[in-house]
Amino acid sequence: MASLQIYDPFSDPAVESLLRSFFRPDRPERATPRSLPVDVSETENGYIVEAELAGVAKDEIHVAIEGNQVTIAAEVKRRGGGDQARVLRNERYYGNVYRSFALPVELDEGASEAKYENGLLTLTLVKKPAVAGRKLTVQ
């Protein structure tokens, strides 16, 4: 003969999860700022930096080089949908992204180049030639 068991629905994790989600206030999720992923590789006379900037217009990208400091800033703008479209889910971030990092040697701003194609920003950074030390004459 089979034994009888009493079922308690409130001890079931699935029911508890269902009730929690049912009573949770419905508020739209805001996408958090994303980091700007970069790859940096060193060549004989400089560095190559590749940064992912998908969905950014070319004129919204700003690159600054000061000494050995490289700064990349961009603005990701919302596209499509229009004002009358009702947003059901928003996972992509819209706004400003920024990344700054230092390299081991000073960079030549005039010889360095930036190219943006298919969502990938490629910086070709040229090392500044080392200045030879001067020998002082003792008088």
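Data overview
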item	result
Sites matching trypsin sites (Lys or Arg not before Pro) across region 64-136 that sit in DSSP coil, with at most 12 neighbouring C-beta atoms within 10 Å	K77, R78, R79, R86, R89, R92, R134, K135
Binned Cα-Cα distance frequencies in region 30-127 - 10 Å width, integer %	14, 44, 26, 11, 5, 0
Contact order normalised by residue count of region 30-127, Cα under 8 Å, 6+ apart, percent	36 percent
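Every number in this text was worked out from the coordinates using simple rules, so none of it is lab data. Here the structure is a predicted model, which is why all the values come from computation and not from measurement. Note that each Cβ is placed from the backbone with ideal geometry, even for glycine, and that neighbours are counted across all protein chains shown.
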